[in-house]
1. G16's amide H: which non-local residues (gap 5+, or another chain) put their own amide H closer than 5 Å, with H modeled 1.01 Å from N in plane and none for Pro or chain starts?
2. For the pair E32 and E71, how long in nm is the line joining their label points, each one 7 Å along Cα→Cβ?
3. Within 9 Å, Cβ to Cβ, of V5, how many net charges do the neighbouring residues add up to if Lys/Arg are +1 and Asp/Glu are -1?
4. Karplus couplings for region 51-63 from phi (6.51 cos²θ - 1.76 cosθ + 1.60, θ = phi - 60°), rounded to Hz, Gly and Pro as x?
5. Count the net charge of all other residues whose Cβ sits under 10 Å from the Cβ of V17, scoring Lys and Arg as +1 and Asp and Glu as -1.
Amino acid sequence: MPRMVNCVKLGRELPGVVYRPFDNALGKRIYESVSQEAWRMWIEHSKMLVNEYRIDLTSPQGQKMLLEQAEKFFFGEGSADTEKPADYVPPKGSDPTHG
């Protein structure tokens, strides 16, 4: 039986993230209070961020930016999933309600 969490992002009890995604305090918070479903949402959102902002994940600045966005996405007011780059265009055929 999967480990259940009260998902901070989706507001209901769901199976939790199966591993601690970052080796820091944020990773611990995500592991303890984010569902696997919300984590999958973050993965898709983070791909968009990396591509649109051309974030270099090998640099300390790029890693810091992505961690800050993850913090906002899961725990911040006005989470990052509502923020898109000004020139962002969703892929053709994507659902605009989930864009």
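A short reminder: the numbers here are calculations on the coordinates, not readings from a lab. Remember, predicted model here, so these are calculated numbers, not experimental data. Using ideal geometry, Cβ is built from the backbone for each residue, glycine included, and neighbour counts are taken over all protein chains shown.
1. Amide H neighbours of G16, under 5 Å, 5+ apart: R3, M4, V5, Q36.
2. 1.6 nm
3. On the way: positive: R3; negative: E13, E32.
With Lys, Arg at +1 and Asp, Glu at -1, the neighbours total -1.
4. With coefficients 6.51, -1.76 and 1.60, one gets 6, 6, 8, 6, 6, 8, 6, 8, 9, x, 5, x, 5 Hz.
5. Within the 10 Å Cβ shell, the charges total +1.
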